[in-house]
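Worksheet: the structure to be examined is printed underneath.
The values are calculated or read from the model by the stated rules, or taken from the named source; none is laboratory data. Treat the numbers as computed from the prediction; the structure is a model and nothing was measured. No Cβ is skipped: glycine too gets one built from the backbone with ideal geometry, and neighbour counts run over all protein chains shown. For accessibility, only protein heavy atoms count, side chains too; no ligands or nucleic acids. Shrake-Rupley method; radii C 1.70, N 1.55, O 1.52, S 1.80 Å.
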Amino acid sequence: YDHHHRNDHKDLRRWRIRTTAAAYPLFSNQIQLTKDSSSRHKLYQEAIKTSRDKFTREISFQSKDKDISLAKALLYVAAEDEAFVSFNREMDACSILNERRNVSSPSEAIDWDSLEKMPLGGKTIPEWLSELDAIAKEVEAELVSRDIGCHLVEVLEAVNLVLFESRGLTRSPVLVDSKHSYLHSVLSSRCGSGKALFYFPFASTNMILVIAAILLSIIYIEVCRRLGLTIVGSRVGEDFLIWPQTGYPEELFKVTSGHSLFAIVNGRCVEDPRSMASDLTGTSLLGLEIATNRDIIGIALANLIRLHWKRASRSNHGLMLTSPLRHVNDAGEKPNMMDKSNVPLLRPQDL
């Protein structure tokens, strides 16, 4: 002891760790788990920061609105949320290990080291973007198989066929479930609203249908963009409607083959008397304010906020959107004891 004391306290500490680890294998495992956990913490923190930075650059006002990728922006949102939840789960796991030294809680190893390689629902962000490319190619193949030209009506019918029949996008029976509220989740689970693209007359009470509709509209817009077709949209009451950009809106309401072009894109809501869309004409359509890409992203984010807050308030009666965030701590602990920077303000279930 005197020798170590005179020379280097660090050597003594390392010696104690080695001897203790040799005598107690469980302690050795705890050291390794702590190192692994620390590494995961850094990866998740970096993913949170990087995804927010990339999202900010994507929607930057220095770039033109038409150049903003709706898909990229919302995939960055999903990546940040996924990293945030995973980071908090790691924090919880560390708390359990610290409180119960005799408990072993191995975590899954991370095989990615950057945001581009971080898995979202089994695929990376570049792979989800490629998935949209693949859908567009399926539409092109459908048009070639019909041996027809690229008439607007035929293109939109082919998009509907691929999305709602070949890909099987259907309405989700779950009314409050965040996993259907992210772009990659809708592409993966194929849950959204059904063939009637934005047909949800009771959207004011079933919030998830609004969320699903905006995500389906984004998928529709992104697929058509890859086909060289510009789709625009606007909020009409509780609905978000989309249609192909044209200099003659009256053409959208001409009925051919039993449906108007506006109905082909938006589904039965344009014919349902309970929907404000049923009253639209070529003239009134001109009076609508076209949503920019930033507006559409804002709608998706606002829906996410409402959904998560609704879930949080279910277990905390009286909690309102304007309520301040609170520390998560035991009832017996004093609030000033929880002011450490490494203590999360909210648990994942209270997002």
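Numbers at a glance
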quantity: Qualifying residue in segment 44-60 (condition: aromatic (F, W, Y) and assigned to a helix (DSSP H, G or I)); calculated: yes
quantity: Qualifying residue in segment 263-281 (condition: hydrophobic (A, V, I, L, M, F, W, C), within 33 Å of the chain's Cα centre (by Cα) and open to solvent by 60 Å² or more (accessible area, probe 1.4 Å)); calculated: yes
quantity: Members of segment 143-159 that are assigned to a helix (DSSP H, G or I) and over 19 Å from L261 (Cα atoms); calculated: V144, S145, R146
quantity: Qualifying residue in segment 292-306 (condition: touching a Pro at 6+ places or on another chain (Cβ under 9 Å) and either over 24 Å from E138 (Cβ atoms) or open to solvent by 10 Å² or more (accessible area, probe 1.4 Å) (or both)); calculated: no
quantity: Some residue of segment 298-312 being assigned to a helix (DSSP H, G or I), in the same structural domain as I242 (by the TED database), modelled with pLDDT under 80 and of a type in the set (G, A, S); calculated: yes
quantity: Unique residue being open to solvent by 10 Å² or more (accessible area, probe 1.4 Å) and at pLDDT below 75 when the list is Y182, Y199; calculated: Y199
quantity: Residue in segment 270-293 that is outside any loop (DSSP other than H, G, I, E, B) and under 24 Å from I135 (Cα atoms) present; calculated: yes
quantity: Tally, over segment 284-305, of residues that are free of Cβ contacts under 8 Å to residues at least 12 places away in the same chain and among the hydroxyl-bearing types (S, T, Y); calculated: 1
quantity: Filter pass, D350 being under 30 Å from the mean Cα position of the chain (by Cα), at pLDDT below 65, within 29 Å of I59 (Cα to Cα) and open to solvent by less than 100 Å² (accessible area, probe 1.4 Å); calculated: yes
quantity: In segment 251-260, residue most open to solvent (accessible area, probe 1.4 Å) [restricted to those that are within 20 Å of D239 (Cα to Cα) and modelled with pLDDT of 85 or more]; calculated: F253
quantity: Test set (1) open to solvent by 10 Å² or more (accessible area, probe 1.4 Å); (2) modelled with pLDDT of 90 or more - V223 fails condition number; calculated: (1)
quantity: Test for S188: is it at pLDDT below 90, open to solvent by 30 Å² or more (accessible area, probe 1.4 Å) and in the same structural domain as L156 (by the TED database); calculated: yes
